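Enquirer: This structure is in structure tokens; I'll ask about it shortly.
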Amino acid sequence: MRVAVPRETAIGERRVALVPETVARLCAAGFAIAVERGAGSAAGFADEAYTEAGAQLADTGSLLEGAEGVVRVARPSAGEIEALGPGTVVIGFLSPLTDPDGIERLRHHGVVAFAMESIPRITRAQPMDALSSQATVAGYKAVVLAADRSAKMFPLLMTAAGTIAPARVLVLGAGVAGLQAIATARRLGAVVSAFDVRPAVKEQVESLGASFLELGVRAEETAGGYATELTSEQQAQQQAELERHIAGMDVVITTALVPGRPAPRLIPAAAVASMRAGSVIVDLAAETGGNCELTAAGEEVVREGVTIVGFTNLPSLMATDASRLYSRNVSALLQHLAPNGELALDFDEELTAGACVARPEVTA
Ligand code: NAD
């Protein structure tokens, strides 16, 4: 299977779909890889490293010649879809739940599209789970950003000049990103508490040395392990309960998401106003509307003296390691779709069928 790796064109996207280390493994497994010149440079991977790994370098115009597959990070633009040959396999974050027009364009163009978001969360698909790998990076980066923006140190300090109390960090949403945020904040010495509507995570939160807030709000868990949306009464109760806790926090990291739905609103403006000046909120849900009412997507703002970071692509800010992890996810999916480098799509198989969001004559 000949696979092309384009340079990402989405604004602010620094990651690359395959890194040289994975290219070498794929070449050894029977794949032929073509990499657009400069594709890895923003993530710290030079063109020479790709050629050493066995890839061919190509210019934009010739990259897709003979390509049976294209692997990318962000979804392709309309123009990029036009350039694909019919039947080409496309792999990437294709936003199947939030960009139906883009999926329809892929289907209409006759490509076979696999969305990393749609890979079933079954045990044997874990090596392909890019939502988890990138959420891990985002959770880490959220805490590092918060520590940087905060005027308060995270650890307890006992010095000749007296004692400094540790920072108090609250993590809302304890899925993959939230658990990594808890672990990172703990390593920096903060006192961490967390909340999630799935009661099953209480034990995981506590095993990381954080305390679990009991707010009396619980959501059903779907078969895929995701939370369902709260009723409006539950939402109101959650906001009221949280408002009491948020006032005493130095840092709040929010990661609460419900797949395909706007982000749940956890922190109303009044709760921000109750925080001390100099506190920090990092809102990982900014792209889907934000967990905080005052979040501005893609921006960092100061409201009521509180810094609110609403960057929408934190993994891209850690492009080297985010790409390393993503590349392994993509490679595992490629080897599933093309054992020994020979494309063999079986749409009766759970993983292939689940991840496929568009193919000729079929809509996801
Ligand atoms: P996600 O990104 O969709 O959501 C993040 C968190 O927000 C979730 O924990 C969710 O419960 C929480 N949330 C939703 N609404 C909330 C609200 N109103 N208030 C507070 N929190 C709220 O989830 P995710 O991180 O992708 O993980 C979801 C689940 O999938 C987890 O149980 C995770 O362990 C599981 N998972 C399973 C596999 C597997 O292969 N079996 C792989 C990865 C994750």
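Enquirer: Quick one: in segment 125-138, which of the residues that are near the ligand (Cβ under 9 Å from one of its atoms) and assigned to a helix (DSSP H, G or I) is farthest from Leu172 (Cα to Cα)?
Expert: Going through the qualifying residues, I end up with Ala125.
Enquirer: Which is at negative phi, surrounded by 15 or more Cβ atoms within 10 Å (Cβ to Cβ) and modelled with pLDDT under 95, of Leu179, Leu97?
Expert: Leu97
Enquirer: Quick check, is Glu229 outside any helix (DSSP H, G or I), under 20 Å from Ala240 (Cβ atoms) and touching a residue at least 12 places away in the same chain (Cβ under 8 Å)?
Expert: Criteria met by Glu229.
Enquirer: Can you confirm whether Asp99 is in contact (Cβ under 8 Å) with a residue 12 or more places away in the chain, more than 16 Å from the ligand (Cβ to nearest atom) and of a type in the set (D, E, K, R)?
Expert: Yes: the conditions hold for Asp99.
Enquirer: Of these, Ser211, Ser207, which one is surrounded by fewer than 18 Cβ atoms within 10 Å (Cβ to Cβ), within 14 Å of the ligand (Cβ to nearest atom) and over 30 Å from Val330 (Cβ atoms)?
Expert: Going through Ser211, Ser207 in turn, the sole match is Ser207.
Enquirer: Related question: Is it true that Gly216 is more than 26 Å from Ser118 (Cα to Cα) and surrounded by fewer than 14 Cβ atoms within 10 Å (Cβ to Cβ)?
Expert: Criteria met by Gly216.
Enquirer: Report, ordered by the first and then the second residue, all pairs with beta carbons closer than 6 Å, sequence separation of six or more or different chains, a first member in segment 124-145 that is in contact (Cβ under 8 Å) with a residue 40 or more places away in the chain, and a second member that is more than 9 Å from the ligand (Cβ to nearest atom) and of a type in the set (S, T, N, Q).
Expert: Met128/Asn329; Ala130/Asn329; Ser133/Asn329; Thr136/Gln180; Gly139/Gln180; Tyr140/Gln180; Tyr140/Thr184; Val143/Thr184
Enquirer: Test of understanding: among Val197, Val258, which residue is touching a Lys or Arg at 6+ places or on another chain (Cβ under 7 Å), in contact (Cβ under 8 Å) with a residue 24 or more places away in the chain and near the ligand (Cβ under 8 Å from one of its atoms)?
Expert: Selected residue: Val197, the only one of Val197, Val258 that is touching a Lys or Arg at 6+ places or on another chain (Cβ under 7 Å), in contact (Cβ under 8 Å) with a residue 24 or more places away in the chain and near the ligand (Cβ under 8 Å from one of its atoms).
Enquirer: While we're looking at this one, here's another question. With the checklist (1) outside any loop (DSSP other than H, G, I, E, B); (2) over 16 Å from the mean Cα position of the chain (by Cα); (3) surrounded by fewer than 24 Cβ atoms within 10 Å (Cβ to Cβ) in hand, flag the one item Lys152 doesn't pass.
Expert: Of (1) outside any loop (DSSP other than H, G, I, E, B); (2) over 16 Å from the mean Cα position of the chain (by Cα); (3) surrounded by fewer than 24 Cβ atoms within 10 Å (Cβ to Cβ), only one is false for Lys152: (1).
Enquirer: Could you check segment 289-309 and list, in sequence order, the residues that are under 18 Å from the mean Cα position of the chain (by Cα) and either away from the ligand (no atom under 16 Å from the Cβ) or closer than 14 Å to Leu145 by Cα (or both)?
Expert: Ala297, Gly298, Glu299, Val309
The values are calculated or read from the model by the stated rules, or taken from the named source; none is laboratory data. Model, not experiment: these values are computed from the prediction. FYI the Cβ positions are ideal-geometry reconstructions off the backbone, even for glycines, and counts take in every protein chain you see.
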